[in-house]
Amino acid sequence: MNQKINIGLFGYGVVGESLHHVLKHSKTVDAGVRKICVKQKDKKRSLEQNEFTFNKDDIINDQNINLVVELIDDADEAYDIVKRCLQNKKSVVSGNKKMLAHHLDELIDLQEKTDTALLYDASACGSIPIIRNIEEYYDNDLLKSVTGILNGSSNYILSKIFNEGLDYDTALKQAQELGFAESNPGLDVDGFDSLYKLIIIATHALGTFVKPNEVLNYGISNIKEYDIQFAREKNFKIKLVAQLIKLNDESFTMFVIPRLVRPDKYIYNVEDEYNGVVIQGEFYDKQFMFGKGAGGYPTGSAVLSDITARSHNYKYEYKKQKYFKKLEYRTDHEIEIYLRYNSMVDFSYFEFETILEKYSGIGNSYIIGKIKLANLLKLKAVLTKLDVFLAYIRN
Ligand SMILES: NC(=O)c1ccc[n+]([C@@H]2O[C@H](COP(=O)([O-])OP(=O)(O)OC[C@H]3O[C@@H](n4cnc5c(N)ncnc54)[C@H](OP(=O)(O)O)[C@@H]3O)[C@@H](O)[C@H]2O)c1
């Protein structure tokens, strides 16, 4: 049975304001925003001042609010808010991937103990309904891998480089001007945003939560014309890809790394700020979901979907965690990579198991070979400081 939803909204930025708009246009859900908590007192808003509060307790302690929607851009503060709301018996919808990727295990336990719900479909791929699909439809052990372009900003940059011949700096500047990339773009281009989303997806896809610092994220900020030329000559595009792979019945692996992608792959044609996710399983082979991964209205629509789900008392069951044998996260297997380097000192960091192709030039050199993921993970903190570029290869 539907219940009336009285929302306490945290954040009235890109997503919060869009959600407010989307909610007004939805006739199917009996929900209204009672109060909005924001940070800056003297900021101009599109609503009357009396709709806002600057004190989070005004929402957390309001007995009439039965759903909190958390859409702020501060992960630490979001964690405090979400935790206190759940402790206070209020269910929560959140879009905060960074906060979730760091605290999901604890928050899953907390919502169980407090008999509340925490929904976050908007956090993983904007408007693409990946979490609930994985939780509900792929609720068996057939799923073998999830491969996705999960970050719109870096995909936009790579599209401009490959389709329009822009250089990296110009493409990045354009992405920033259009509002796709942050003024500090490291979160996007160095793969952190994709990593956070992958951690959330893995928790639902295979039932194991892994801390972000235990997973490799390497992005596109070190890409050079040489790498782009290499990819073009071999008929590849480079895409920043997050991958989750079940290795066998006992274990799985995951990582975020640029990938050399051939034209016959679904993700080859995911361009600009769009996201695309390929789910592969036993018997059904591959399925592909495509859509807007960010932006106020697409993300606001995903949040609306979680609000509607709450009006039907929906909560994630975490079936894989509860009823399946826990899969172990492993990094001791080999992956095939392209490594471009300029000095032997930089090259010496990498312990290849097998070298398949090698080219030594006056400036740039490259190796294609197999290396243990654990070796790359060990280098996670220094990779962007070396004059190298890495890309995953799988034909
Ligand atoms: N933008 C997207 O396309 C997108 C897509 C998926 C998920 N998300 C996630 O959605 C969340 C919001 O993103 P956004 O793009 O809407 O951010 P934003 O435009 O920067 O807006 C952030 C909002 O949070 C408020 N805020 C910050 N700290 C606060 C605090 N301590 N207490 C109360 N309010 C606070 C700000 O208040 P003031 O207005 O007073 O500054 C502002 O209204 C983030 O977690 C983001 O990762 C965003």
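The values are calculated or read from the model by the stated rules, or taken from the named source; none is laboratory data. In this text the structure is predicted, and so the values were computed from the model without any measurement. Note: ideal-geometry Cβ built from the backbone for every residue, glycine included; neighbour counts use all protein chains shown. Just so you know, the surface numbers come from the protein's heavy atoms only, side chains and all, with ligands and any DNA or RNA stripped out. Shrake-Rupley method; radii C 1.70, N 1.55, O 1.52, S 1.80 Å.
Restricting attention to the stretch 69-95, the residues being under 16 Å from V33 (Cβ atoms), more than 9 Å from the ligand (Cβ to nearest atom) and under 22 Å from the mean Cα position of the chain (by Cα) number 3. Against the test of being closer than 24 Å to Y138 by Cβ, open to solvent by 10 Å² or more (accessible area, probe 1.4 Å), over 15 Å from the mean Cα position of the chain (by Cα) and not hydroxyl-bearing (S, T, Y), the options K211, K246, K234 yield a single qualifying residue, K246.
Counting just the residues of the stretch 127-146 that are in a helix (DSSP H, G or I) and within 16 Å of the ligand (Cβ to nearest atom), which one comes out most open to solvent (accessible area, probe 1.4 Å)? For the stretch 127-146, the residue satisfying everything is R132. Taking the criterion of being part of a strand (DSSP E or B), among the aliphatic types (A, V, I, L, M) and open to solvent by 30 Å² or more (accessible area, probe 1.4 Å), the residues of the stretch 344-373 that qualify are I355, L356.
Within the set N248, N275, the sole residue that is free of Cβ contacts under 8 Å to residues at least 40 places away in the same chain, out of contact with any Asp or Glu (no Cβ under 6 Å at 6 or more places or on another chain) and in the same structural domain as L178 (by TED's automatic domain parsing) turns out to be N248. Annotation note: Cβ proximity below 6 Å between a residue of the stretch 290-308 that is open to solvent by 50 Å² or more (accessible area, probe 1.4 Å) and a residue that is in a helix (DSSP H, G or I) (sequence gap 6+ or interchain) occurs for K292/P298; A294/G152; Y297/S18; S301/V22. Just so you know, in the stretch 12-42 the residues that are free of Cβ contacts under 8 Å to residues at least 40 places away in the same chain and away from the ligand (no atom under 13 Å from the Cβ) include one that is most open to solvent (accessible area, probe 1.4 Å), and it is K27. Selection of the stretch 109-121 for residues being open to solvent by 10 Å² or more (accessible area, probe 1.4 Å) and either in contact (Cβ under 8 Å) with a residue 40 or more places away in the chain or part of a loop (DSSP other than H, G, I, E, B) (or both) yields T114, D115. In the stretch 96-126, of all residues being of a type in the set (S, T, N, Q) and more than 9 Å from the ligand (Cβ to nearest atom), the one that is farthest from the chain's Cα centre (by Cα) corresponds to T114. For the stretch 51-68, the candidate set comprises residues that are within 12 Å of the ligand (Cβ to nearest atom) and among the acidic types (D, E); within that set, the residue that is surrounded by the fewest Cβ atoms within 10 Å (Cβ to Cβ) is D57.
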